[in-house]
2 protein chains.
Amino acid sequence: MNTYYQASLQEGDNWLSPEEALHCARSHRSRIGDEVELVDGNGHRGTGKIKSITKTDVVVSVSAVVEEALQPCERTWICVAPTKQMERTEWFLEKAVEVGVGRVSFFYSQYSERRALRLDRLQRIVIEACKQCRASRFPRLDAPVGYLTLLKEESFAYSLAFAHYTTQPLRSLREFALESTQAVKLIVGPEGGFTDAEYTVALHEGYEGVAIGARRLRTETAALVGCVVIGEYCNC
Amino acid sequence: MNTYYQASLQEGDNWLSPEEALHCARSHRSRIGDEVELVDGNGHRGTGKIKSITKTDVVVSVSAVVEEALQPCERTWICVAPTKQMERTEWFLEKAVEVGVGRVSFFYSQYSERRALRLDRLQRIVIEACKQCRASRFPRLDAPVGYLTLLKEESFAYSLAFAHYTTQPLRSLREFALESTQAVKLIVGPEGGFTDAEYTVALHEGYEGVAIGARRLRTETAALVGCVVIGEYCNC
């Protein structure tokens, strides 16, 4: 069964947007009577059948809409510096959606490799990935901000962690997540690393340095493994 | 500190291979006296200094070689059907190396999307990823085999799991890994799914169907998340 995005999902007749109608009619070659599901990105899922279809207009008759409960992984907030090769960041985003992250923020720090981001393109990746993995709740995607702004942003509502590759012993993200009583906000450093001053200010703001895996992970790998580990262990 | 691959690692003088010498001399612009480390792919790590360097020849004087213990994640065996888009399989392989998988096999089943694989190219991805993440033990990479051959291969030595997206309730891979007394061999299905017959024969051969995550994961995502979850939970 194919899944489509319908922002204003309701019981009864739903006219798909032009993009979704194209996807349904052309890419999936759907026909009248096919069973489909619609999601609104806010946790609602509707199931129904195609009532009418042309190459540009699709009407889905939705018989039932349910609101799905927020999963623990959907509370996780991952903050990551965009990578030099943009496809690595895009890859991370697609996978983070599949494993169920709740919010993704991008930031710039001193050794950031990239400052330009096309948020509209990233938003489309989010929607396509959500449809592919049948997610009814889409993660929030924030416009990039500076590192100090990011550190302070809504930090009161989260357990604060900071992933930084070092040969010094740090508590593992697993242990950190297991003991968290709030959702986790995890910051993953840029490819060029953090400066000592950036590290110090994070500690001062209440973040704990944590280790992800035994090996030196790439930025996008650390961010994705972070999503998986927090989703597995955090019970907030 | 940069890491290079040296198959016949030894204490004393080591002549790097032409590929590694090029990487060291040109890409990293190393100089005499720079500290580097060498790994042999079999769990040995040597630390030393560059003794002589030209554009094509590099000699590293290694002061000490240590053998590193096998980590639990390095016992994991992931079997995956190559994806239609080859870059998805290559991406999986790079990330699986970073999180520390022990062995990767490819297989063909009825709905496999791809049959051609360039194993030499995949082997280079493994080596580059190992150097990047400083792994001293490289995963074993097997040439593709048919599904039935794969099912039977060395299955006596592993706890056998089979990841298959279904809406029916299955035990999670987490629970499966937690209760494993042996290393885990995990089979992840092709993009087109398994046939009922393929599913049945896997059960008959002693594999247990397990669920990875709550969402419908792409093949390469399921394989990678499988590596992370087994590495986190399996204590064999």
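Any read-out appearing in this document is the output of simple, stated calculations on the displayed coordinates, not a laboratory observation. Predicted model only: the values in this text are computed from it and were never measured. Every residue, glycine as well, gets a Cβ built from its backbone with ideal geometry; the counts of neighbours run over all protein chains shown.
Loop-located trypsin sites (Lys or Arg not before Pro) in the range A:14-46 (DSSP state not H, G, I, E or B) with no more than 16 neighbouring Cβ atoms inside 10 Å: A:ARG29, A:ARG31. Of all DSSP-defined beta bridges confined to chain B, some 40% are antiparallel rather than parallel. Ascending distances from the A:GLY192 label point to its copies in the other chains, with the point 7 Å along the Cα-to-beta-carbon line: 4.8 nm. Across the identical copies, the 7 Å label point of A:GLU205, projected outward along Cα→Cβ, sits 5.1 nm from its counterparts, in ascending order. Modelled label positions at B:ARG216 and B:ALA197, each set 7 Å beyond Cα in the direction of Cβ, lie 2.5 nm from each other.
Give me the log10 of I(q) over I(0) for the range B:72-233 at q = 0.14 Å⁻¹, as the Debye formula computes it from C-alpha points; what are the numbers? Debye intensities relative to I(0), on a log10 scale: -0.63. Modelled label positions at A:HIS28 and B:ALA116, each set 7 Å beyond Cα in the direction of Cβ, lie 3.2 nm from each other.
Sorted from nearest, the other copies put their B:THR166 label points 4.7 nm away, the label point being 7 Å from Cα in the direction of Cβ. Which value, in debye to the nearest 20, describes the size of the charge dipole of the range B:72-233 about its Cα centre when Lys and Arg Cβ atoms bear +1, Asp and Glu Cβ atoms bear -1, and nothing else is charged? Magnitude of the dipole: close to 400 debye. Under the Kirkwood approximation for Rh and a Cα-based Rg, what ratio Rg/Rh is obtained for the protein assembly as shown? On the Cα set of the protein assembly as shown, Rg over Rh gives 0.99.
Note that the range B:120-137 has calculated 3J(HN,Hα) couplings of 5, 5, 5, 5, 5, 4, 4, 5, 4, 5, 4, 5, 5, 9, 6, 7, 8, 10 Hz, one per residue in order, obtained from phi through the Karplus relation 6.51 cos²θ - 1.76 cosθ + 1.60 (θ = phi - 60°); glycine and proline are x. Label-to-label distance, A:ASN235 versus A:THR166, with points set 7 angstrom from Cα along the beta-carbon direction: 3.0 nm. Where chain A is carried onto chain B by rotation, the Cβ closest to that axis, with its residue and distance in Å, is A:VAL228, 2. With a ≥ b ≥ c the root eigenvalues of the C-alpha gyration tensor of the range A:18-58, is it rounded (a/c under 1.5), prolate (a/b larger than b/c) or oblate? Here the range A:18-58 falls in the oblate category.
Considering only B:ARG215, B:ARG114, B:ARG75, the Gaussian network model of chain B with Cα springs below 10 Å gives its largest mean-square fluctuation to B:ARG215. Taking a straight Cα-Cα cut-off under 18 Å and skipping sequence neighbours fewer than 8 places away in the same chain, the aspartates and glutamates within cross-link reach of A:LYS49 are A:GLU11, A:ASP13, A:GLU20, A:ASP34, A:GLU35, A:GLU37, A:ASP40, A:ASP57. Charge tally around A:HIS44: other residues with Cβ under 12 Å, Lys/Arg +1 each, Asp/Glu -1 each, net -3.
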